Amino acid sequence: MLEVEGVSARYGEATALDGASLTVGEGEVVTLVGRNGAGKTTLLRCLMGLHRPAAGRIVLAGRDITGLAAHRRARLGLGYVPDDRGIYAGLSVEENLTLPPVAAGSAWPLARVYEAFPVLAARRRFPGGRLSGGEQQMLALARVLRAGARVLLCDEPTEGLAPVAVRQIGEILRGAKEHGVSVLLVEQNLRFATTVADRHYLLAQGRVVEALDNRDVKQREDELLAHLGL
Amino acid sequence: MILGLMRRLGDRPAWMRWGLLAVGLAVAAILPWVLYPPVATDILCWGLFAVAFDLLLGHAGLLSFGHAAFWGGSAYVTGLIALHSGLPFYVAVLGGAVAAAVLALPIGYLAVRRSGIYFAMITLAFAQMVYFVANQWSAVTGGENGLQGIPRNLPGVDLSDAFTFYYAALPVVLLGLAAARRIVRSPFGRVTAAIRDNTDRVRALGYPADRYKLTVFTASAFLSGLAGGLFAVNHGFASLQEVDWTTSGKVVVMTVLGGIGTLWGSLVGAAAIVRLEDWLSTAGFEQTDLVTGGVFIVVVLLFRQGLWGTATRLLRPRPPAPPTPDPAEPADPDRTPHLTKR
């Protein structure tokens, strides 16, 4: 569904990504783990088209999107959930949901969104700024699904959330997966990652250094945690 | 009920909106009785110009330093149409505004790719080119002399009296203001406001941000052109002053003085500056810029939200603090735009 080949990116003189490659299959949940500064967020920004890669190729559903503008990628089914969640505080939940233009075919109707996210249905007239962190995260996920995202790029969706909210996010990601949605997840919480993801990539100094499955992660948890500095 | 109150935190209650509209229209209706009529018309023109500018600065977050190109460009085109065709002045002004919008397309196309100081400098550079053309192409523009004797044509109506002309110009300005308000309140306006707050976020949600910026830039230029054309007809001439960079600066001052992003504040800012300048020059004071500059500094230092922003903040009835059902995130600090943003 999503293929990334040798993507490099720079901020001025500093190299953030140095030939990172990975793939995400259809309906697959893949996490990207790595220390702060390993290039995780930069990779997501390159995939979304918010940062121009210096080299490499990005293919979405068989189509080369490397040079495409961000808004076109969104319409092709890429959904970016940034780490600040990007909720409009002054708009209501429903207005936030209906803000992005809808991609043909894969968009979730509002009724289905509310069925999958009962919390949001209960708060549809609430201003986005008055939701809890977990609710905002759900709103951000619901918004890209409603817009028709087939590949979710999630930047640390569980960061700073209460355990109960983390569980809810996990259920939502698993539910999306069941609907054939692919997810690339930046995640520091390894325990959480193994409950939702099929595979994992370890990113270090801008490169994918290892591909791991859930068993690898569980067996080597201490070593990985030490590497992540947690 | 509490949710209803909270829903539109930025909105005024309905009675206040209608009350404001009524007061505004009443002021507009009696203005030429209170002020010297040509000055009243000047306030209309500069008011519309400043509102058009605020559409761009306050609602799309783009600080143009070249809006004189649209105001002045339209003044020249309006003057040429009125001088050579004899068509009603409405047509001439419309033609000038369309010319301003057409001029805005290539300028905006290049400028919206940049933001902040680069955007300001690109627009300034283009405006200086317009100034150069207006200065050099004297066979058409009259060069240093400008266009003289622009007529106030309107079949069947004698507009030679400034008092009558005020009322002929008023509907154009009201239409322009209504258009600006419509844009800000439309779904399109929502998206431009979202672009102002966080451009990447809007791009990632699937909106072509640059195209939205170009559209609002062009709309702002069109409305600036309406204002500049009316100004030329009001004075009967279009001069180099209209395309000078100080004119671009003046509209920035008016908008900031009134309050960035308040839309109607720009009217107040424009009226204050025009009135002050007229009063000073009538009193024989030569250094008007010294005084307007001083007023500007005082307002910016003491009332960051401008005259209008400060007044509405003081007057707005505060909704009772709603109970918080959840640990709430801090409200978006982006809701009040500032000049320094990006």
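The values are calculated or read from the model by the stated rules, or taken from the named source; none is laboratory data. Note that the structure is a prediction, hence the values are computed from the model and not measured. Cβ: placed from backbone, ideal geometry, glycine included. Neighbour counts: every protein chain shown.
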Checklist outcome for this item: Subset of segment A:118-148, residues closer than 17 Å to A:Leu76 by Cα and at the interface with chain B (Cβ under 10 Å from one of its Cβ atoms), comes to A:Arg143, A:Val144, A:Ala147, A:Gly148
Checklist entry - Can you name the condition, by its number, that A:Val209 falls short on among (1) in a helix (DSSP H, G or I); (2) within 19 Å of A:Gly37 (Cβ to Cβ); (3) among the hydrophobic types (A, V, I, L, M, F, W, C)? => result (1)
Checklist entry - Of the residues B:Gly143, B:Gly156, B:Gly149, B:Gly228, which single one is away from chain A (no Cβ under 14 Å), in contact with an Asp or Glu (Cβ under 7 Å, 6 or more places away or on another chain) and under 26 Å from B:Phe89 (Cα atoms)? => result B:Gly228
Next on the checklist: I'd like to verify a number: residues in segment A:149-177 that are within 12 Å of chain B (Cβ to nearest Cβ) and small (Gly, Ala, Ser), how many?
Outcome noted: 4
Item to check | Residue among A:Ser132, A:Ser182 that alone is touching a Lys or Arg at 6+ places or on another chain (Cβ under 9 Å) and hydroxyl-bearing (Ser, Thr, Tyr) | outcome: A:Ser182
Checklist entry - Residues in segment A:80-93: is at least one out of contact with any helix residue (DSSP H, G or I) (no Cβ under 7 Å at 6 or more places or on another chain) and of a type in the set (Gly, Ala, Ser)? => result no
Item to check | Enumeration of residues in segment B:171-190 that are within 14 Å of chain A (Cβ to nearest Cβ), of a type outside the set (Lys, Arg), part of a helix (DSSP H, G or I) and surrounded by fewer than 17 Cβ atoms within 10 Å (Cβ to Cβ) | outcome: B:Pro187, B:Phe188
Checklist outcome for this item: Taking segment B:103-153 and the residues there that are polar (S, T, N, Q) and surrounded by 13 or more Cβ atoms within 10 Å (Cβ to Cβ), the one that is nearest to B:Gly61 (Cα to Cα) would be B:Ser115
Item to check | Test: residue in segment B:311-330 that is surrounded by 16 or more Cβ atoms within 10 Å (Cβ to Cβ) and either modelled with pLDDT of 60 or more or away from chain A (no Cβ under 14 Å) (or both) | outcome: yes
Item to check | Residues within segment B:279-314 that are basic (Lys, Arg) and assigned to a helix (DSSP H, G or I), tallied | outcome: 1
Item to check | Among the candidates A:Arg215, A:Arg167, A:Arg146, A:Arg191, residue that is surrounded by 19 or more Cβ atoms within 10 Å (Cβ to Cβ) and among the basic types (Lys, Arg) | outcome: A:Arg146
Checklist entry - Within the bounds of segment B:293-304, is there any residue that is modelled with pLDDT under 90 and surrounded by 18 or more Cβ atoms within 10 Å (Cβ to Cβ)? => result yes
Next on the checklist: The conditions are (1) away from chain A (no Cβ under 14 Å); (2) surrounded by fewer than 24 Cβ atoms within 10 Å (Cβ to Cβ), and B:Arg201 fails exactly one of them. Which is it?
Outcome noted: (1)
Checklist entry - Within segment A:143-172, how many residues turn out to be part of a helix (DSSP H, G or I) and either of a type in the set (Phe, Trp, Tyr) or more than 24 Å from A:Val59 (Cα to Cα) (or both)? => result 10
Item to check | Within segment B:199-278, helices (runs of 4 or more DSSP H) holding 2 or more residues that are in contact with a helix residue (DSSP H, G or I) (Cβ under 8 Å, 6 or more places away or on another chain) and over 30 Å from B:Phe132 (Cβ atoms) | outcome: B:199-204, B:209-235
Next on the checklist: For segment A:173-192, check the following and say yes or no: at least one residue is touching a strand residue (DSSP E or B) at 6+ places or on another chain (Cβ under 8 Å), assigned to a loop (DSSP other than H, G, I, E, B), under 22 Å from A:Ile87 (Cβ atoms) and charged (D, E, K, R).
Outcome noted: yes
Checklist entry - Only one residue in B:Ala168, B:Ala134, B:Ala193 is part of a helix (DSSP H, G or I), of a type in the set (A, V, I, L, M), within 14 Å of another protein chain (Cβ to nearest Cβ) and touching a residue at least 12 places away in the same chain (Cβ under 8 Å). Which one? => result B:Ala193
Item to check | Residues within segment A:68-94 that are among the aromatic types (Phe, Trp, Tyr) and at pLDDT 90 or above, tallied | outcome: 1
Checklist entry - Hey, B:Gly146 hits all of (1) modelled with pLDDT of 90 or more; (2) farther than 30 Å from B:Trp264 by Cβ but one; which does it fall short on? => result (1)
Checklist outcome for this item: The correct count of residues that are in contact with a Lys or Arg (Cβ under 9 Å, 6 or more places away or on another chain) and closer than 20 Å to B:Ser239 by Cα in segment B:78-124 is 2
